[in-house]
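J.: Quick one: structure below, then a few questions.
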């Protein structure tokens with residue numbers, strides 16, 4: 001069986017998370033106010049998002065998972081913005097994950113004028129992941145808005161990954 005190279009990080013991440021399921025990793029970053037762009041290879045919450053992404057990364061017209069991703073900490077009812085360059089004619093899928101299955105997640109994309117971009121939301125019932133697919137009409141700066149509904153009382157660490165085709 002041939003494994004496509006772009007799937008290798010996801011498969012390795014899932015294998016490592018299964019091997020080290022009982023261990024808790026801390027990266028020493030406890031930042032409440034900023035969105036952080038990351039390139040570190042392993043993060044428990046990122047692995048949750050990657051697991052949800054696997055079906056979209058294979059098949060006849062697979063998405064290609066990007067290496068960059070974002071993480072942070074959110075209070076219920078608050079939101080964070082991630083600035084990203086998107087290109088017309090491409091299709092993008094974003095996945096947001098948090099550790100608490102009861103947390104209500106919102107994931108939306110806005111153009112540079114602050115208008116919500118038409119998107120297709122993908123839900124993963126009984127999980128802590130939400131996904132959205134966007135097809136930008138123009139190349140430019142966009143903003144991915146992540147937020148928590150007030151269905152929980154405590155802050156949540158989160159991770160967002162994305163892919164294109």
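J.: Which of the residues spanning segment 91-127 are part of a loop (DSSP other than H, G, I, E, B) and more than 16 Å from residue 140 (Cα to Cα)?
T.: Step one: of segment 91-127, the residues part of a loop (DSSP other than H, G, I, E, B) are 91, 98-104, 112-115, 117-118, 124-127.
98, 99, 100, 101, 102, 103, 104, 124, 125, 126, 127, listed by residue number.
J.: Restricting segment 55-66 to residues that are more than 16 Å from residue 144 (Cβ to Cβ) and either without any contact (Cβ under 8 Å) to a residue 40 or more places away in the chain or in contact with a helix residue (DSSP H, G or I) (Cβ under 6 Å, 6 or more places away or on another chain) (or both), which is surrounded by the fewest Cβ atoms within 10 Å (Cβ to Cβ)? Full working, then the answer.
T.: The initial filter retains those residues of segment 55-66 that are more than 16 Å from residue 144 (Cβ to Cβ), namely 55-62, 64.
Subset that is either without any contact (Cβ under 8 Å) to a residue 40 or more places away in the chain or in contact with a helix residue (DSSP H, G or I) (Cβ under 6 Å, 6 or more places away or on another chain) (or both): 55, 57, 59-60, 64.
On the way: 55: 11, 57: 18, 59: 8, 60: 4, 64: 11.
By that ranking, first place goes to 60.
J.: Of the residues that sit in segment 88-115 and are in contact with a strand residue (DSSP E or B) (Cβ under 9 Å, 6 or more places away or on another chain) and loosely packed, with under 12 Cβ neighbours inside 10 Å, which one is nearest to residue 152 (Cα to Cα)? Steps first, answer last, please.
T.: Here is the first cut: in segment 88-115, the residues in contact with a strand residue (DSSP E or B) (Cβ under 9 Å, 6 or more places away or on another chain) are 88, 90-100, 103-112, 114.
Keeping just the survivors that are loosely packed, with under 12 Cβ neighbours inside 10 Å gives 88, 112, 114.
On the way: 88: 37, 112: 31, 114: 28 Å.
Out of the qualifying residues, it is 114.
J.: Same structure, new question: From 40, 67, which residue is farther than 22 Å from residue 103 by Cβ, over 14 Å from the mean Cα position of the chain (by Cα), modelled with pLDDT under 95 and assigned to a loop (DSSP other than H, G, I, E, B)? Before you say what the answer is, go through the steps one by one.
T.: Details: 67 fails: over 14 Å from the mean Cα position of the chain (by Cα).
Going through 40, 67 in turn, the sole match is 40.
J.: Looking at segment 73-87 only, could you name the residues that are closer than 25 Å to residue 55 by Cα and buried (at least 18 other Cβ atoms within 10 Å of the Cβ)?
T.: Step one: filter segment 73-87 for residues closer than 25 Å to residue 55 by Cα, giving 82, 84-87.
Residues satisfying the conditions are 82, 84, 86.
J.: Out of all the residues in segment 136-145, is one or more touching a helix residue (DSSP H, G or I) at 6+ places or on another chain (Cβ under 8 Å), in contact (Cβ under 8 Å) with a residue 40 or more places away in the chain and outside any loop (DSSP other than H, G, I, E, B)? Show your work before the answer.
T.: In the first step, residues of segment 136-145 are kept if they are touching a helix residue (DSSP H, G or I) at 6+ places or on another chain (Cβ under 8 Å); the result is none.
No, segment 136-145 contains no residue that is touching a helix residue (DSSP H, G or I) at 6+ places or on another chain (Cβ under 8 Å), in contact (Cβ under 8 Å) with a residue 40 or more places away in the chain and outside any loop (DSSP other than H, G, I, E, B).
J.: Output the residue which, of all residues in segment 125-135 that are within 14 Å of the chain's Cα centre (by Cα) and either closer than 21 Å to residue 113 by Cβ or touching a residue at least 40 places away in the same chain (Cβ under 8 Å) (or both), is surrounded by the fewest Cβ atoms within 10 Å (Cβ to Cβ). Spell out the reasoning first.
T.: Step one: list which residues in segment 125-135 are within 14 Å of the chain's Cα centre (by Cα), which gives 127-134.
Subset that is either closer than 21 Å to residue 113 by Cβ or touching a residue at least 40 places away in the same chain (Cβ under 8 Å) (or both): 127-129, 131-134.
Working: 127: 13, 128: 20, 129: 22, 131: 25, 132: 20, 133: 17, 134: 22.
The residue in question is 127.
J.: Residue check: is residue 148 in contact (Cβ under 8 Å) with a residue 40 or more places away in the chain, out of contact with any helix residue (DSSP H, G or I) (no Cβ under 7 Å at 6 or more places or on another chain) and closer than 15 Å to residue 53 by Cβ? Walk me through it before giving the result.
T.: Numbers: in contact (Cβ under 8 Å) with a residue 40 or more places away in the chain: yes; out of contact with any helix residue (DSSP H, G or I) (no Cβ under 7 Å at 6 or more places or on another chain): yes; closer than 15 Å to residue 53 by Cβ: no.
So residue 148 fails the test.
The values are calculated or read from the model by the stated rules, or taken from the named source; none is laboratory data. Quantities reported herein were computed from a predicted structural model and do not represent experimental measurements. FYI the Cβ positions are ideal-geometry reconstructions off the backbone, even for glycines, and counts take in every protein chain you see.
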